[in-house]
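What follows is a set of notes on a single structure, which appears directly below.
The values are calculated or read from the model by the stated rules, or taken from the named source; none is laboratory data. Computed from a predicted model, the values in this text were never measured in an experiment. All Cβ positions, glycine included, derive from the backbone under ideal geometry; neighbour counts span all protein chains shown.
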Amino acid sequence: MKNLNRIIWFLGFVFILFSCQQIPEEYAAADKFRLSWTDDPTTTMTIIWDQKVGAEATIFYGKEDFGRQFWKYDHQQKPTEKLLNYYHMNTFYCTLENLQPDAIYFFLLKDSVGVSKRFSFRTAPDKPQQFTFVTGGDTKSSGASLEAGRASNKMVAKLRPLFVLFNGDFNSGNGTYPDRWHQWLNDWESLATTADGRLFPVIAVHGNHENGNKSILNKIFGAPFQGTDSTNIYYSLSIGGDFFHMISLNTEIDEGGAQRDWLQHDLQAHADFTFKIAGYHKPFWPHTAKKGENEYQYEQWAGLFYKYGLNMSFDGDSHMHKITYPLRPSRENGSYLGFIRDDENGTMFVGEGSWGAHPRPNDDDKPWTMQSESVNQIKWIHVKPAEPGSPASMEIFTVITSRYDAEQNQTFYVDDVESISDGNRFEIPQNITLFTGKDSVKSVKYPLHLNE
């Protein structure tokens, strides 16, 4: 009996020793982790990172969390693509396929140096189901604007959305400064990742501050493009079957021609979806006098938005908060700048940037403007399918992340905000600062009659 106990003790000791030796003390020589949807959001996810040393790297992943014990995960995959020594990064892309919809996956990276931190992501649902997303745009690379953008990144981690629609202008300059991209990507991983390792896919939109390299979002985020020209970055994705369709457009190339033809075909193909949204950088009619009007863009897109029932569009560029009433294009009496209010069938226009960039004066409101303010903010959108007695809806919360006073002193509104968990993704967190409209209302619902 004593011999049997000794054998059991010895085997247990060997097992513990062996298990401990399997967890590398060294961390992988990789950073700047980010996620992107380049295909079906319900069954795929693209993991992207900068591989500092060596070419050997493997993603280990599965639906059960094993921390950094890589050998326990059900699946492993090598990078599906590599872009070496580009902008002083070795960018590796690993597209995971055949994932289960609306499921949480855990993953890590193992290379010749060690094992990364354990991260996680959530796939999109393949049937109508409620979810949230965050949208906004315009960050800068230095000073108070950099710190405001970092505050907005932190808010993303607090709000735990399904994805982030980023409407262009990631850095100062023209998008060709490697160090500024390194800073943005490092900030994104360190600040927009939750304490428990959740990463959120970025739906990237091209802005004017990326115009020095019009294919850069394909290289940084794997953003899809049309045809064989990687500067034609515009694309669309769908969530929840025929529930939700989103389009990423490009205001920095010709909005007419091939892009307009593609937009018409895409909208027509998804005309029966419950909700259709679009993200792009420059607004048709900015809400600051410091920005010019975009008449050509209006002529190319506004009619298509209305004809095929685009519900909501999200823009940036002007660095402020704005929400319009639902609008349809019209030149009839009572219209203004080619729009007239149409609560039943119109498109609601939401923006205009200021994720981090210093807010411009909101000094050019229109007769159909519902809200505007000069403030750093992001939009938190709750999307809900129809239920008995309740129609499908989108609800817009404007989350204030930073303000400046008259002396340009900066106040942040993020550190005291309670973090959301998977179990309370649709609750309003404590201590969050929301834009308050008329009658102290802290959100705007679409369709508009739901606000009554």
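Some values worked out for this structure:
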{"quantity": "Test: residue in the range 266-280 that is aromatic (F, W, Y), within 20 Å of D126 (Cα to Cα) and crowded, with 18+ Cβ neighbours inside 10 Å", "calculated": "yes"}
{"quantity": "Tally of residues being more than 30 Å from E387 (Cβ to Cβ) and either assigned to a loop (DSSP other than H, G, I, E, B) or not basic (K, R) (or both) across the range 239-274", "calculated": "16"}
{"quantity": "Subset of the range 402-452 [of a type outside the set (S, T, Y), surrounded by 11 or more Cβ atoms within 10 Å (Cβ to Cβ) and closer than 17 Å to T324 by Cα]", "calculated": "F435, G437, V441, K442, V444, K445, P447, L448, L450, N451"}
{"quantity": "Number of the condition not met by S236 [criteria: (1) assigned to a loop (DSSP other than H, G, I, E, B); (2) at negative phi; (3) touching a helix residue (DSSP H, G or I) at 6+ places or on another chain (Cβ under 7 Å); (4) of a type in the set (G, A, S)]", "calculated": "(1)"}
{"quantity": "From D416, D439, D342, D364, residue being charged (D, E, K, R) and at pLDDT below 95", "calculated": "D439"}
{"quantity": "Residue in the range 183-211 that is nearest to T231 (Cα to Cα), counting only those that are of a type in the set (D, E) and outside any loop (DSSP other than H, G, I, E, B)", "calculated": "E210"}
{"quantity": "Tally, over the range 82-109, of residues that are surrounded by 15 or more Cβ atoms within 10 Å (Cβ to Cβ) and out of contact with any strand residue (DSSP E or B) (no Cβ under 7 Å at 6 or more places or on another chain)", "calculated": "3"}
{"quantity": "Residue among I400, I432 that is among the β-branched types (V, I, T) and part of a loop (DSSP other than H, G, I, E, B)", "calculated": "I432"}
{"quantity": "Exclusive hit being surrounded by fewer than 21 Cβ atoms within 10 Å (Cβ to Cβ), closer than 26 Å to V202 by Cα, modelled with pLDDT of 95 or more and hydroxyl-bearing (S, T, Y), set S318, S313, S236, S248", "calculated": "S236"}
{"quantity": "Filter result for R180 (in the same structural domain as S238 (by TED's automatic domain parsing) and either assigned to a loop (DSSP other than H, G, I, E, B) or free of Cβ contacts under 8 Å to residues at least 40 places away in the same chain (or both))", "calculated": "yes"}
{"quantity": "Only one of E189, E147, E210 that is buried (at least 23 other Cβ atoms within 10 Å of the Cβ) and either among the charged types (D, E, K, R) or touching a Ser or Thr at 6+ places or on another chain (Cβ under 8 Å) (or both)", "calculated": "E210"}
{"quantity": "Residue match in the range 279-288 (condition: of a type in the set (A, V, I, L, M, F, W, C) and within 21 Å of V164 (Cα to Cα))", "calculated": "no"}
{"quantity": "Residue in the range 55-70 that is modelled with pLDDT of 95 or more and touching a His at 6+ places or on another chain (Cβ under 6 Å) present", "calculated": "yes"}
{"quantity": "Residues satisfying the stated conditions in the range 134-144, i.e. in contact (Cβ under 8 Å) with a residue 40 or more places away in the chain and surrounded by fewer than 23 Cβ atoms within 10 Å (Cβ to Cβ)", "calculated": "S141, A144"}
{"quantity": "Tally of residues being out of contact with any helix residue (DSSP H, G or I) (no Cβ under 6 Å at 6 or more places or on another chain), surrounded by 15 or more Cβ atoms within 10 Å (Cβ to Cβ) and either in a loop (DSSP other than H, G, I, E, B) or charged (D, E, K, R) (or both) across the range 35-81", "calculated": "15"}
{"quantity": "Flag for S116 being touching a residue at least 24 places away in the same chain (Cβ under 8 Å) and not assigned by TED's automatic domain parsing to the domain that holds K52", "calculated": "no"}
{"quantity": "Failed criterion for W368 (all others in (1) touching a Ser or Thr at 6+ places or on another chain (Cβ under 7 Å); (2) on the phi > 0 side of the Ramachandran plot hold)", "calculated": "(2)"}
